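Trainee: What follows is a structure written as structure tokens; I'll ask about it next.
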Amino acid sequence: PAAEVPHMKRLATHACGVLVASALTLFSVSGAADGLSFAPGDVFISLEPGPVQWWKADGTLNRVLVGTVPGTGEGMGFDVSGNLYVTRWCLDPWCSPTGNTVEMFNVKGESMGPVGSGYDCNPHAIVFDVTNTAYIGQAGCTGAIMKVPPGQDRNPTIFRVAAEYQGSFWIDLAPDRCTMFYTSYGPSVKRFDVCAGVQLADFNAAPVPGGVAHDVRVLPDGGVIVATGAVISRLDSNGVLSATYSVPGEPSYWAGVELADGGSFWAANYESSRVHKFDLATGQLVATIDAHTPPHTVVAVRVKK
């Protein structure tokens, strides 16, 4: 149920020693531009009440996608055709009949309803590989990761991954298409080999700052960016903490992260309901999207490639 959504369990404050931002562009809701189809560079923000904000690459709010499937708005992912998928948690204690599924929006932002079947409970993250095979991380029940090749949604492969507190909470697939990085609302960035079906050693060399790992994205150099509540953390290819990022003076609880162009990334602040773009190398804050929604609303951010 929504009252138990893990994003709401703990709030964190800024840690010391972060890379400090200097420049800021604030994207506002005014001046919205029309857009008929998803385009490269567009930014999508999932809101916990359910809708998804669709922002154009120039920083204007295009429109809000309101789904037809009840349930909270959690993680998101694009398939190879550019359709958007949003994971839905249930709204009642028994996960029936609301939520506990994945909703698909076509490239024009139109809801195509629920997709897939066999979800345990509370699917939370979804990624696609280049073959259009979907992987769904589940936060509740067994916490298993589901592998769904095209056309096989009725017979998914189930990976019973090691969990900490919330199953396979957030996931991202490495370029080798075998190593699945995932977090479980604990202090670790975990890994599972989805080709061999075996658990791998944790990636992080030490517990992440803040002690709670959320969204994770694999970097081209083999490291990762991971939202860790109080800050966003960068781990190098050996799993060693190499940098942290935050916004001075802004109450923060970082939940979602997404890689962007030009060596930058977006990060969603669940506490402030703002989404910030950072330069990966310098930590400079280069842009901000204000969702203009209450605190504890913004969950995930994804960029159409």
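Trainee: Residue check: is Ala144 touching a Lys or Arg at 6+ places or on another chain (Cβ under 6 Å), over 22 Å from Val301 (Cβ atoms) and buried (at least 16 other Cβ atoms within 10 Å of the Cβ)? Walk me through it before giving the result.
Mentor: Details: touching a Lys or Arg at 6+ places or on another chain (Cβ under 6 Å): yes; over 22 Å from Val301 (Cβ atoms): yes; buried (at least 16 other Cβ atoms within 10 Å of the Cβ): yes.
Criteria met by Ala144.
Trainee: Here's another thing I want to ask about it. How many residues, within segment 153-179, are out of contact with any Lys or Arg (no Cβ under 8 Å at 6 or more places or on another chain), assigned to a loop (DSSP other than H, G, I, E, B) and under 12 Å from Asp193 (Cα atoms)?
Mentor: Of the residues in segment 153-179, 5 are out of contact with any Lys or Arg (no Cβ under 8 Å at 6 or more places or on another chain), assigned to a loop (DSSP other than H, G, I, E, B) and under 12 Å from Asp193 (Cα atoms).
Trainee: Then there's this: Name every residue in segment 70-114 that is polar (S, T, N, Q) and open to solvent by less than 10 Å² (accessible area, probe 1.4 Å), in order of residue number. Even if it seems obvious, please write down each step before you answer.
Mentor: So the first thing to find is which residues in segment 70-114 are polar (S, T, N, Q), and the list is 72, 81, 83, 87, 96, 98, 100-101, 106, 111.
Across segment 70-114, the qualifying residues are Thr72, Thr87.
Trainee: Shifting gears a bit: Regarding Val257, is this residue closer than 19 Å to Gly210 by Cα, among the β-branched types (Val, Ile, Thr) and open to solvent by less than 10 Å² (accessible area, probe 1.4 Å)?
Mentor: Details: closer than 19 Å to Gly210 by Cα: yes; among the β-branched types (Val, Ile, Thr): yes; open to solvent by less than 10 Å² (accessible area, probe 1.4 Å): yes.
In short, yes.
Trainee: What residue, of Ser242, Ser237, Ser272, is free of Cβ contacts under 8 Å to residues at least 40 places away in the same chain and assigned to a strand (DSSP E or B)? Write out each step before concluding.
Mentor: On the way: Ser237 fails: assigned to a strand (DSSP E or B); Ser272 fails: assigned to a strand (DSSP E or B).
Checking each option against the conditions leaves just Ser242.
Trainee: Okay, moving on. In segment 50-69, is there at least one residue being open to solvent by less than 30 Å² (accessible area, probe 1.4 Å), at pLDDT below 90 and either closer than 28 Å to Ala139 by Cβ or assigned to a loop (DSSP other than H, G, I, E, B) (or both)?
Mentor: no
Trainee: Still on this structure, please answer the following. So which of Tyr165, Tyr119 is farther than 25 Å from Pro40 by Cα, out of contact with any strand residue (DSSP E or B) (no Cβ under 8 Å at 6 or more places or on another chain) and surrounded by 15 or more Cβ atoms within 10 Å (Cβ to Cβ)?
Mentor: Working: Tyr119 fails: out of contact with any strand residue (DSSP E or B) (no Cβ under 8 Å at 6 or more places or on another chain).
Of the residues listed, the single one that is farther than 25 Å from Pro40 by Cα, out of contact with any strand residue (DSSP E or B) (no Cβ under 8 Å at 6 or more places or on another chain) and surrounded by 15 or more Cβ atoms within 10 Å (Cβ to Cβ) is Tyr165.
Trainee: Val240: of a type in the set (Val, Ile, Thr) and either touching a strand residue (DSSP E or B) at 6+ places or on another chain (Cβ under 6 Å) or closer than 24 Å to Pro49 by Cα (or both), yes or no?
Mentor: Working: of a type in the set (Val, Ile, Thr): yes; either touching a strand residue (DSSP E or B) at 6+ places or on another chain (Cβ under 6 Å) or closer than 24 Å to Pro49 by Cα (or both): no.
In short, no.
Trainee: Can you work out which of the residues in segment 208-234 that are outside any loop (DSSP other than H, G, I, E, B) and small (Gly, Ala, Ser) is farthest from Pro295 (Cα to Cα)?
Mentor: Quick first cut of segment 208-234, residues outside any loop (DSSP other than H, G, I, E, B) only: 216-218, 224-227, 229, 232-234.
From the residues that got through so far, the ones that are small (Gly, Ala, Ser) too are 227, 229, 233.
Details: Ala227: 17, Gly229: 14, Ser233: 22 Å.
Only one residue fits best here, namely Ser233.
The values are calculated or read from the model by the stated rules, or taken from the named source; none is laboratory data. Here the structure is a predicted model, which is why all the values come from computation and not from measurement. Cβ atoms come from the backbone with ideal geometry, glycine included; neighbour counts cover every protein chain shown. For the accessible areas, the whole protein counts, side chains as well, though only heavy atoms, and no ligand, DNA or RNA atoms are used. Shrake-Rupley method; radii C 1.70, N 1.55, O 1.52, S 1.80 Å.
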